[in-house]
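See below for the structure under consideration.
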Amino acid sequence: MGEEKAIISGCPSCGSRYKVPPGFHGKTLSCKKCGTPFKLIEFPENQTKEPMARPAADNKAQAIGVDDPCLVIGRLVVKYCYADEVQVREALAFQAKEKQQGREKSLGEILVSKGTISPDQLKCVISVQQLVDARQLDVRFGSIAVQNGFAGDEDIANALEVQKRIFKEQRLVKRIGDILVEAGTMSPEQKEGILERQKRLAEMSPSGEPGRPDTSADTAKDFEITVSEDGLSASLSLEKEIPVRPRLNDIKAALAARGICHGVVDDQSIESVLNGEQGKGPFKIAQGTAPVQGGAVIIRHLFNTDPLKVGQIKEGGNIDFRERGPVPQVKQGDLLAEKVFPDDGIPGLDIYGREVSPPISKDVKLRAGKGTKISGDGTKLYADIPGRPELRADGRVYVFSDLEIDGNVDLKTGHVDFQGHVVVSGAVQSGFRVKGGSLTANEVLKAEVETAGDVAVFGGIIGATIRAGGHVRARYIHDSQIEALGDIVVEKEIIDSRLESSGLCSVKKGHILSSQVQAKKGIEAAQVGSDSSRQCHLIVGTNERARNEIERLKRSITAKKQEKKGLEERVQELEKESQGVQSQIGVLAQEQDRALVNKRKLLAKLDEVRKTGAADQMDAMNKLLETLDQEIGEREKSLDSLLESQEKIAEQISASQQEPRRLDGEIAAIEDEVASIAEWAQADKGSSFVKVYGSIYQYTSVKGIYATMILPETHSRVLIKEIKTRTADDKPEWKMKISRL
């Protein structure tokens with residue numbers, strides 16, 4: 001029996017030929033060149049090897065797109081390098097001519113008839129097209145399955161991988177719905193429900209090849225169910241003109257296919273819609289249960305945040321200066337404030353029966369000032385030093401140690417610059433400056449005051465300039481400029497002054513005369529203006545104080561950066577100078593070494609001359625030694641001077657290098673201050689109102705965020721508030737409204 005002849009087979013994709021033993025006939029192998037799986041069948045002896053198509057870059061395959069008249073077959077032919085774009089376009093042009101003459105031919109048939117591709121290559125491309133079509137539909141199938149809770153994302157991903165593997169091994173397209181049912185992930189009924197929703201069953205051709213359904217709309221012919229973006233409601237819309245109304249069962253089947261099961265209205269309500277009893281427009285057919293948000297995160301302060309440093313404000317606005325309240329004191333390590341977290345809220349259910357988590361409450365930050373520190377988890381704030389705690393207007397907490405001055409701030413004390421709380425039993429006299437954490441004084445007279453916290457004055461403020469990070473409280477204010485991040489509370493009067501507050505300006509029992517007052521949270525007074533005073537300007541709702549403070553801090557940052565740059569340049573100059581001194585030291589050291597070597601040689605020769613007794617030579621050599629010793633001594637002095645100079649330069653460099661680091665810390669602290677004020681100013685909304693319990697006089701200017709008015713006449717007991725209205729052509733318009741109290 002003769003030896004069986006080997007099989008000559010080839011890859012239908014790239015045309016590569018293989019010689020294999022006859023026992024492998026009918027088996028499936030993968031092409032070593034292109035990786036395409038194919039069955040081993042014997043080629044006819046007269047069949048020649050198909051020519052290799054020229055490789056086409058991926059971007060060439062993408063060049064034939066939806067905008068071109070090319071079909072998926074054309075793109076795949078180019079992608080698998082069976083033909084190039086020119087050949088495909090020629091075939092398309094030929095197809096168009098044939099169609100004009102009434103002859104319909106597919107692109108694949110034309111490419112085969114022209115010899116551009118082989119029949120096996122066409123079969124390969126068609127099978128790939130079927131997989132592409134199927135996967136487009138099956139990806140949507142998977143999304144619906146996950147949305148309805150029939151399967152998970154991982155189940156869909158695994159099914160798509162199985163589909164891909166089956167196609168690679170057998171060139172068969174298996175639906176992932178069948179794969180999921182076989183795996184026990186979903187039931188046949190669930191699969192059929194999704195297919196019905198996709199309208200795929202009716203669009204399957206007799207040959208079993210899938211069509212291309214329009215997945216952009218998931219509606220029936222005579223009604224539509226629309227789901228809100230949050231999944232908490234669904235609406236039913238009927239077509240305006242339909243010959244036959246849909247049945248109740250049709251609606252319920254559509255709801256079931258979409259997985260809508262929670263909050264669906266009763267059958268009677270649906271029937272009333274179908275009968276036209278609910279009127280026109282969408283009808284809410286399902287309503288989920290909305291989640292309930294938990295309470296807000298708050299900060300609880302464990303000390304008296306308003307110890308009434310000026311005095312107790314009685315009903316009606318009077319201040320009792322004798323009742324100042326207790327002054328809190330804390331020790332290092334005491335807990336000053338902590339975050340209080342709300343309950344978790346109540347979860348809801350969407351119309352698919354899935355739990356909806358309650359919205360997360362907005363977090364708030366603890367803000368640490370000097371003398372305090374925040375715990376590692378950011379939930380607690382502790383005192384870092386012993387002293388008096390104080391809550392600043394922007395939410396920062398400070399701890400100040402006290403500096404008590406018995407008497408006045410005058411020539412005896414000089415200017416005061418203290419990081420803690422300054423207590424002055426007398427007055428801050430004219431021409432002096434107080435800078436500190438906060439200030440309590442009897443009077444402030446033509447002085448400058450700058451504090452991180454509150455300023456409390458038992459008497460009056462006259463001719464002073466005050467910038468406070470907290471509240472300002474006084475009996476009266478005359479001829480002064482005051483900026484406060486907190487409230488400005490005055491008992492009697494504000495005259496000839498300019499005030500800016502990020503809080504409220506309150507003069508409930510007093511009057512404002514010839515002054516400009518800006519207060520973000522509104523202004524209230526017993527009287528504004530008079531017949532004989534100059535015009536008053538009231539500005540409400542805006543936060544000029546915070547804006548000015550931020551600008552001032554930014555200018556401070558710029559100045560410190562310039563200072564840092566100057567120091568860095570000075571360090572470079574010193575280092576250059578040090579290198580010059582080091583160079584001089586090197587030159588002198590070399591000269592000194594040579595001089596010392598020459599001296600040793602001269603001394604050795606002198607010893608030899610002494611042995612010979614030559615007096616003349618000895619005298620000459622001694623004179624040379626004297627000259628050499630003198631040069632060595634002078635050079636030694638120069639070296640000492642240079643070394644001392646180098647040490648001084650090194651000290652200057654070290655000191656200059658410390659300063660930029662200090663400035664970096666100060667800049668970072670100021671930047672944090674800017675961010676804190678900006679965040680607070682943005683979160684704390686203003687109030688555009690002026691409340692007057694007595695009279696507000698003619699020509700007083702009142703300016704809000706958007707609107708301004710000048711009172712044409714005097715009014716009594718009024719509330720002036722900025723409101724939003726509509727013009728005749730329905731455009732928004734802001735104006736100041738005057739109403740009676």
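A few notes on this one:
- Estimated dipole of the range 561-683 in Debye, rounded to 20 [Cβ of Lys and Arg +1, of Asp and Glu -1, Cα centre]: 880
- Take 585-591, 269-275, 470-476 and order them by the average number of nearby Cβ atoms within 10 Å per residue, most first; the result is 470-476, 269-275, 585-591.
- Taking the range 561-683 and dividing mean pair separation by its residue count, relative contact order in percent (alpha carbons under 8 Å, at least six apart): 50
- Here the translational diffusion coefficient of the range 328-432 follows from Stokes-Einstein with Rh set to the Kirkwood radius across Cα pairs; for 25 °C and 0.890 mPa s it amounts to 142 µm²/s.
- Rounded if a/c under 1.5, otherwise prolate or oblate - the range 581-731, Cα gyration tensor axes: prolate
- The order of the peptides 83-91, 371-379, 113-121 by mean Cβ neighbours within 10 Å, most packed first, is 83-91, 113-121, 371-379.
- Here the Karplus relation 6.51 cos²θ - 1.76 cosθ + 1.60, evaluated at θ = phi - 60°, turns the backbone of the range 471-479 into coupling constants of 8, 10, 10, 7, 6, 8, 9, 10, 6 Hz, with x for every Gly and Pro.
- Residues with amide H under 5 Å from that of Glu500, placed H, sequence gap 5 or more: Ile482, Glu483, Ala484, Gln518
- 3J(HN,Hα) couplings calculated from phi for the range 615-628 with the Karplus curve 6.51 cos²θ - 1.76 cosθ + 1.60 (θ = phi - 60°) are, in sequence order, 5, 4, 5, 5, 4, 5, 6, 5, 5, 4, 5, 4, 4, 5 Hz; Gly and Pro show x.
- Counting neighbouring beta carbons within 10 Å and listing from fewest to most, the residues Ile405, Ile194, Ile166 come out as Ile166, Ile405, Ile194.
- Rounded to the nearest 20 debye, the dipole magnitude of the range 690-734 is 220 debye, with +1 charges on Lys and Arg beta carbons, -1 on Asp and Glu beta carbons, and the Cα centre as origin.
- Per-residue Karplus couplings for the range 656-673, computed as 6.51 cos²θ - 1.76 cosθ + 1.60 with θ equal to phi - 60°, are listed in order as 5, 6, 6, 4, x, 5, 4, 5, 4, x, 5, 5, 4, 5, 5, 4, 5, 5 Hz, Gly and Pro entered as x.
- Selection from Ala604, Val674, Ser583 lying farthest towards where the dipole of the range 561-683 points positive, charges on Cβ: Ala604
- Over the range 401-548: Kirkwood hydrodynamic radius from C-alpha pairwise inverse distances, Å: 15.0
- Once the chain from Lys724 to Lys331 is taken as fully extended at 0.36 nm per residue, the excess over their C-alpha distance is 136.4 nm.
- Charged-residue dipole, Cβ positions (Lys, Arg, Asp, Glu), the range 223-287 about Cα centre, Debye nearest 20: 80
- The amide H of Met186, built 1.01 Å from its N in the peptide plane, has Val181 as neighbours under 5 Å, considering only residues 5 or more places off or on other chains.
- Of the peptides 715-727, 224-236, the order by per-residue mean of other Cβ atoms within 10 Å, starting with the highest, comes out as 224-236, 715-727.
- Measuring nothing but how far apart in sequence close Cα pairs (under 8 Å, 6+ apart) lie, relative to its length, the range 618-741 scores a relative contact order of 15 percent.
- Positive dipole terminus of the range 495-538, leading residue within Ile512, Gly522, Ser497 (C-beta point charges): Gly522
- Distant-in-sequence amide H partners of Val528 (H built 1.01 Å from N, under 5 Å): Ile512, Ser695, Ile696, Tyr697
Since every read-out is calculated from the coordinates, none of them should be taken as a lab result. Values in this document were obtained by computation on a predicted structure and should not be read as measured data. Cβ sites come from the backbone with ideal geometry, for glycine too, and all protein chains shown count toward neighbours.
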